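The values are calculated or read from the model by the stated rules, or taken from the named source; none is laboratory data. This structure is a prediction, so every number in the text was calculated from the model and none was measured. A quick note on method: Cβ atoms are made from the backbone with ideal geometry, for glycine too, and the neighbour counts reach across all protein chains shown. We work out accessible area using only protein heavy atoms, side chains counted, and drop any ligands, DNA or RNA first. Shrake-Rupley method; radii C 1.70, N 1.55, O 1.52, S 1.80 Å.
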Amino acid sequence: MVTNLLSEEKLFCTNEDNKLESRLVNQCTSAECEKYYVCANGSCDEKSTYYQSCSNGTCIPAGETCPSTSTCDPAGNAGYYLKTNKLYLCTQSSTGRKRNTIACKEVGEEAGQTGTKVPIGYLKNAEQGATETYIQCTYEGTCTAINPSSSCTGAGVLFTDSSSESALTLCLEADTPVSTPIADEGSYFVNVSSKNTFGDKNGHYVIVKIEDENVILQLQGKL
């Protein structure tokens, strides 16, 4: 057992001369790692397991499965992606060694992210070259890649308004069509008296927020 002053758990490896290496890139790929140690609370314990690097920067025992990530093109855009019926959110790092890199994580409780849910609404499809420009996620929990409709066929419909310079528009009411261009960011009431993307409850409205070309249902009345 090796004495150390670390208070938080950290992984090290050593070469045949017992020289320590703490950098993940060497721990996970270097042929010079003869032994591995996990150090915490003032002591280090030897491990007999070799390690591998994951795309999200973590280093885990060989043979274990890396944390869930999307198959998004890392050279693509930050934003939402739909892959094999699962929704991913890809964000661009602005600090540290991973600056300007894209990291993607599955959205939803099924990905082990306790307390998070797939957003309900219309999400701009960030996949480069995609045929469908939006991802529609309904209150029933399904997500589908779509293109906007050609007209306001009902409240909650995302459509292309050929008479508007802003073009892409959200229909808020159905009987006497009321709509707002996606370019006009803010919070709006959407009628859900007839079943649509955001809900299905006669005589009721819900609040949606338009931001960054996304239209997302705001739960608990948040603006």
On the basis of being touching a residue at least 60 places away in the same chain (Cβ under 8 Å), aliphatic (A, V, I, L, M), in contact with a strand residue (DSSP E or B) (Cβ under 9 Å, 6 or more places away or on another chain) and open to solvent by less than 50 Å² (accessible area, probe 1.4 Å), does A167 make the cut? no
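Is one or more of the residues making up the stretch 200-215 acidic (D, E) and either buried (at least 19 other Cβ atoms within 10 Å of the Cβ) or modelled with pLDDT under 90 (or both)?
no
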Determine, yes or no, whether A174 is modelled with pLDDT under 85, among the small types (G, A, S) and open to solvent by less than 40 Å² (accessible area, probe 1.4 Å). no
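For every residue, the table says whether it meets (1) out of contact with any Lys or Arg (no Cβ under 8 Å at 6 or more places or on another chain); (2) open to solvent by less than 60 Å² (accessible area, probe 1.4 Å).
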| site | (1), (2) |
| --- | --- |
| E140 | yes, no |
| A155 | yes, yes |
| D161 | yes, yes |
| S193 | no, yes |
Going through the stretch 146-190 one residue at a time, which ones are within 25 Å of L87 (Cα to Cα) and touching a Cys at 6+ places or on another chain (Cβ under 7 Å)? A155, G156, V157, F159, C171
Among the residues of the stretch 105-112, are any at pLDDT 70 or above and open to solvent by 30 Å² or more (accessible area, probe 1.4 Å)? yes
Just to be sure I understand the filter: pairs with C-beta atoms under 6 Å, separated by 6 or more residues or on different chains, first member in the stretch 104-127 and among the hydroxyl-bearing types (S, T, Y), second member modelled with pLDDT of 80 or more. Which pairs pass? Y122/Y134; Y122/Q136; Y122/L158; Y122/V215
Scanning the stretch 170-204 for residues that are of a type in the set (S, T, N, Q), over 21 Å from I146 (Cα atoms), touching a residue at least 12 places away in the same chain (Cβ under 8 Å) and in a loop (DSSP other than H, G, I, E, B) gives S193
